[in-house]
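S.K.: Please see the structure below; I have some questions.
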Amino acid sequence: MDKHGRTLTDIVPNARADKYILEEGEWWYYNKNEKTRRRADSQQARQKTKMWVNGKYISKTHPLHKAGIYKGFEEAAFSSLQNFKDSPQGQVYIITNPAWEGWVKVGMAVDAVDRAGNYQTSSPYRDYELAHIVDTQDRRATEVETHARLGDLFEQRNEWFKCSVEKAKRIMDDVVKEEKQYDEAC
């Protein structure tokens, strides 16, 4: 017990004993990698502000950030729907499928890898491939401009374009580059 009469599990219910030690009447959390220590109650408070998706830490700057532990971004999105609607940040991606040779899909998502996983459920062969991903401050604007430029040059069916991945990448990268230049100039 510490000087306040608390056991470690009073402070951190699921504490790993190898990470905590009682010193000077206080429970301390030790981070062996960073060679730092902090009070156990401070560590517990800090953990409550973090977000984990499928075992991966998600930065607080992520548009869907909401403290907690989630199985996937879809679960996190529904619990953070207001953040999703309000935040323009995210990714624009190019995805392909060998069933539609010569066609590419340009889409947007908060997290393109997570979105690609959702596509796999609609294919018995699980053969959708992410060909390119760009991070953008306004995923909707980037997607719209990329669609417009591709649509001027290639056959289009909704978000699918009959062109090579390389040509679509080049156009998407140009859109992102121009947006960054514009943002820096403003």
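The values are calculated or read from the model by the stated rules, or taken from the named source; none is laboratory data. Quantities reported herein were computed from a predicted structural model and do not represent experimental measurements. Heads up, the Cβs are rebuilt from the backbone with ideal geometry, glycines too, and the neighbour counts pull from every protein chain shown.
S.K.: Any chance segment 151-161 includes a residue that's assigned to a loop (DSSP other than H, G, I, E, B), in contact with a strand residue (DSSP E or B) (Cβ under 8 Å, 6 or more places away or on another chain) and either over 20 Å from W103 (Cα atoms) or among the charged types (D, E, K, R) (or both)?
M.R.: yes
S.K.: Residues in segment 29-46: is at least one of a type in the set (S, T, Y) and assigned to a helix (DSSP H, G or I)? Write out each step before concluding.
M.R.: First, the residues of segment 29-46 that are of a type in the set (S, T, Y): 29-30, 36, 42.
Subset that is assigned to a helix (DSSP H, G or I): 42.
Among the residues of segment 29-46, at least one is of a type in the set (S, T, Y) and assigned to a helix (DSSP H, G or I), which makes the answer yes.
S.K.: May I ask you to list the residues in segment 50-100 that are modelled with pLDDT under 80, part of a loop (DSSP other than H, G, I, E, B) and among the aliphatic types (A, V, I, L, M)?
M.R.: Selection gives L64 alone.
S.K.: Taking the condition of being buried (at least 16 other Cβ atoms within 10 Å of the Cβ), touching a strand residue (DSSP E or B) at 6+ places or on another chain (Cβ under 7 Å) and among the charged types (D, E, K, R), how many residues in segment 107-136 meet it?
M.R.: Matching residues across segment 107-136 total 2.
S.K.: (1) of a type in the set (K, R); (2) farther than 25 Å from L64 by Cα; (3) crowded, with 17+ Cβ neighbours inside 10 Å: which one isn't true of R139, the others all being true?
M.R.: (2)
S.K.: What's the number of the condition W100 fails, among (1) among the aromatic types (F, W, Y); (2) over 13 Å from the mean Cα position of the chain (by Cα); (3) not assigned by TED's automatic domain parsing to the domain that holds I171?
M.R.: The single condition W100 does not satisfy is (3).
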